[in-house]
Amino acid sequence: MIAQQPDRRGVARRSLLNLKQAFAGAAIAALMLAAPATIRAAECPAPHEPRIPLSEQPAINLDKHKKQLLAYHDGNYIDDIGAVIADARAYVERRAVEVKNPAVVLDIDETSLTNWTNLEEDNFGFIKDGPCPEQPNLACGFDAWILAAHAGPIEPTRTFFNANHSARSRSAISTAPASTIGPA
């Protein structure tokens, strides 16, 4: 029963005690609803920190960050992706036997396919429109790059996809933004 007390103007208000009980009940309900997500999150491996080389100091010039990106790509980039994919593969293999219809959905850009050539040709700028001649020192329009379908596979992801595709899991590559797919 909710006790109500009139205020100075004669308007009925819930008592402080009942409000505290309502908030406590809502908090307990929220925790109970969040518990399965918390348990699932606990199953996830620890995130990997990318091993990006330090930028020259002071990093006041964009070219210094571009050098950093080039060094990372030529160094640890694929190995860092491979480490994350190895965790994903172990998780999928462990969970595949526990679910009725296991499935894997992968993003395309910089997960399954690399646009590194386009990024490098455009000097890390984004040029949406225009042709993409794929020649040194010439800009490459992103839309033309996508239509040319020259993006190469990211090998650790391709290996992961092929292993899942040939195993019990179904694999798919999505072009939809993650926000439109919904929770797993």
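No lab work stands behind these numbers, since they all come straight from the coordinates. Computed from a prediction, not measured in an experiment: that's the story for all the values here. All Cβ positions, glycine included, derive from the backbone under ideal geometry; neighbour counts span all protein chains shown.
At an R0 of 30 angstrom, the distance between the Cβ atoms of residue 150 and residue 66 translates into a FRET efficiency of 0.85. In terms of packing, defined here as the mean over residues of other Cβ atoms within 10 angstrom, the peptides 128-138, 61-71 line up highest first as 61-71, 128-138.
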